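Comments concern the structure below.
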Amino acid sequence: MTNKDVERFLCRKCVLPSTFPGITFNDDSVCHHCQRYKGKDATLARQKKYEDKFLKLIESQKQKRDYDVIVAYSGGKDSTYTIDVFVNRYNLKVLTVTFDNTFISPTALKNITRVCGNLGVDNLLVKPNPTMLRKIFKTAASRELYSAKTLERASTICTSCISFVKGITLRTALEKKIPFVGYGWSPGQAPVQASVMKTNPAFMKESQQATLGPLREIAGDALLPFFVTDEQFTQKELFPWNIHPLAFLEYDEDKIVERIKEFGWERPNDTDPNSSNCTLNAFANQVHRKRYDFHPYVWEIANMVRTGVLTREEGMEKIEPPENMEMVIYSEKELRLI
């Protein structure tokens, strides 16, 4: 019997649905992920361990260079706060890089300009050919491109975008010999044990190929300048550390928003509840939910509920309501699907 053969229900502790791949429940309808959770004290101890590890790395990497860390900057709240943390908590020289997927909220673009100016950091805005990008998104909306495991944590459209973001960010880090790469992953996206991790060239090459292969079938070699080259993969000594500070620091969305407002950040009114930068997200979520019968953000949100970052009710508000149809229709028109 498959998950879809029974009535859909949610875990009583987090928000993972019975339709989520590989999930099992006990007699109390508690999922196996919640059953394995070791509790808040264990999480706090692990967070301290990994921040200490990062602090030691900062000391070991101290030398005169243009930038200490490159941050993938979407203009959203989490990546904005991540820049603040690197600048003001750790006193690092930051380069931000923004991938313009042609669907960045106008407010998010203004946020990028204001925040970078107020925090005194540089920004590289990378704008690939819009026709190429929209061909990719349109194809991703019509058929599956990636492995089932990949799609447990992001929609096909988002996975396509993230592939560009990771490729551009890592390639730039290698070119500029920047020792740290920072991402604004929430605690639900990046587990604490992965928050300070040396980039493995062999793994990254395999991971890149898993998404680059399908993308090249759609767009050809025009997208290669935005990904790490075979030659760069041989330069193992230049590969940076990946740092996800929001995984080992306190995460309170309300406090984060209040903090980043000090740098000119404003919340967009044209994005869905799970994004503060992308106008394509609602459509991407709807496609995923219709295709797989679970929300592409549910893994992230469930982790945040499980660890107490969100209440269960707050989590359900993010993943249970249907998408805003005005936002969905906007994307469909932009992609010429209607």
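The values are calculated or read from the model by the stated rules, or taken from the named source; none is laboratory data. The structure presented is a predicted model; accordingly, all values stated were derived computationally and were not measured. For neighbour counting, all protein chains shown are included, and Cβ atoms are generated from backbone atoms with ideal geometry for every residue, glycine included.
Would you check if residue 60 is polar (S, T, N, Q) and either in contact with a strand residue (DSSP E or B) (Cβ under 7 Å, 6 or more places away or on another chain) or in contact (Cβ under 8 Å) with a residue 12 or more places away in the chain (or both)?
On the way: polar (S, T, N, Q): yes; either in contact with a strand residue (DSSP E or B) (Cβ under 7 Å, 6 or more places away or on another chain) or in contact (Cβ under 8 Å) with a residue 12 or more places away in the chain (or both): no.
So residue 60 does not fit the description; no.
Which members of region 215-225 meet the condition of being free of Cβ contacts under 8 Å to residues at least 24 places away in the same chain and aliphatic (A, V, I, L, M)? Matches in region 215-225: 224 only. Of all positions in region 17-38, none carries a residue that is over 28 Å from residue 298 (Cβ atoms) and among the charged types (D, E, K, R). Is it fair to say residue 212 is farther than 30 Å from residue 39 by Cβ, buried (at least 18 other Cβ atoms within 10 Å of the Cβ) and either without any contact (Cβ under 8 Å) to a residue 60 or more places away in the chain or touching a Lys or Arg at 6+ places or on another chain (Cβ under 6 Å) (or both)? Taking the combined requirement at face value, the residue satisfies it. If the condition is being part of a loop (DSSP other than H, G, I, E, B) and within 15 Å of residue 73 (Cβ to Cβ), then region 168-185 contributes 178, 183, 184, 185. Only a single item in (1) aliphatic (A, V, I, L, M); (2) touching a His at 6+ places or on another chain (Cβ under 7 Å); (3) more than 28 Å from residue 43 (Cβ to Cβ) is not met by residue 224, and it is number (2). Scanning region 13-31 for residues being out of contact with any strand residue (DSSP E or B) (no Cβ under 6 Å at 6 or more places or on another chain) and surrounded by 14 or more Cβ atoms within 10 Å (Cβ to Cβ) gives a total of 7.
Condition (residue is of a type in the set (A, V, I, L, M, F, W, C) and more than 18 Å from residue 165 (Cβ to Cβ)) applied to region 201-211: is it met by at least one residue?
From region 201-211, those of a type in the set (A, V, I, L, M, F, W, C) are 202-204, 210; that's our starting set.
This time we only want the ones that are more than 18 Å from residue 165 (Cβ to Cβ), so: 202.
Looking for residues that are of a type in the set (A, V, I, L, M, F, W, C) and more than 18 Å from residue 165 (Cβ to Cβ), one finds at least one in region 201-211, hence yes.
Note on region 233-252: among residues that are free of Cβ contacts under 8 Å to residues at least 40 places away in the same chain and not in a loop (DSSP other than H, G, I, E, B), the one that is nearest to the chain's Cα centre (by Cα) is 233.
Here are some residues: 309, 298, 305, 257. Which one is modelled with pLDDT under 95, in the same structural domain as residue 77 (by TED's automatic domain parsing) and either surrounded by 16 or more Cβ atoms within 10 Å (Cβ to Cβ) or within 15 Å of the chain's Cα centre (by Cα) (or both)? Give the derivation first.
Values: 298 fails: modelled with pLDDT under 95; 305 fails: modelled with pLDDT under 95; 257 fails: modelled with pLDDT under 95.
The unique qualifying residue is 309.
Quick check on region 50-72. Is at least one of its residues assigned by TED's automatic domain parsing to the domain that holds residue 330, assigned to a helix (DSSP H, G or I), closer than 30 Å to residue 272 by Cβ and touching a helix residue (DSSP H, G or I) at 6+ places or on another chain (Cβ under 6 Å)? Let's see the steps before the verdict.
Residues of region 50-72 that are assigned by TED's automatic domain parsing to the domain that holds residue 330, as a first pass: 50-72.
Going one step further and asking which of them are assigned to a helix (DSSP H, G or I), we end up with 50-60.
With the extra rule that they be closer than 30 Å to residue 272 by Cβ, the set shrinks to none.
Within region 50-72, not a single residue is assigned by TED's automatic domain parsing to the domain that holds residue 330, assigned to a helix (DSSP H, G or I), closer than 30 Å to residue 272 by Cβ and touching a helix residue (DSSP H, G or I) at 6+ places or on another chain (Cβ under 6 Å).
Applying the set (1) surrounded by fewer than 16 Cβ atoms within 10 Å (Cβ to Cβ); (2) in contact (Cβ under 8 Å) with a residue 40 or more places away in the chain; (3) under 20 Å from residue 162 (Cα atoms) to residue 230 leaves exactly one unmet item: (2).
Helices (runs of 4 or more DSSP H) wholly in region 268-329 with at least 2 residues that are of a type in the set (Val, Ile, Thr) - which ones? Spell out the reasoning first.
Numbers: elements: 281-292, 298-306, 312-319.
In region 268-329, 298-306 are the helices (runs of 4 or more DSSP H) which contain 2 or more residues that are of a type in the set (Val, Ile, Thr).
Taken over region 128-149, the criterion of being part of a helix (DSSP H, G or I) and surrounded by fewer than 18 Cβ atoms within 10 Å (Cβ to Cβ) is satisfied by 130, 131, 132, 134, 135, 138, 142. Of the residues 223, 238, the single one that is surrounded by 16 or more Cβ atoms within 10 Å (Cβ to Cβ) and more than 20 Å from residue 95 (Cα to Cα) is 223. Hey, does region 191-208 have a residue that's modelled with pLDDT under 95, buried (at least 18 other Cβ atoms within 10 Å of the Cβ) and either under 20 Å from residue 154 (Cα atoms) or touching a Gly at 6+ places or on another chain (Cβ under 8 Å) (or both)? Taking every residue of region 191-208 in turn, at least one turns out to be modelled with pLDDT under 95, buried (at least 18 other Cβ atoms within 10 Å of the Cβ) and either under 20 Å from residue 154 (Cα atoms) or touching a Gly at 6+ places or on another chain (Cβ under 8 Å) (or both). Between residues in region 12-34 that are free of Cβ contacts under 8 Å to residues at least 24 places away in the same chain and residues that are of a type in the set (Ser, Thr, Tyr) and crowded, with 16+ Cβ neighbours inside 10 Å, which pairs lie under 8 Å by C-beta distance while being six or more apart or on different chains? That search, which allows pairs on different chains as well, returns 25/18.
If we keep just the residues of region 94-127 that are touching a Leu at 6+ places or on another chain (Cβ under 6 Å) and part of a strand (DSSP E or B), which is surrounded by the most Cβ atoms within 10 Å (Cβ to Cβ)? Step by step, filter region 94-127, then rank; the result is 98.
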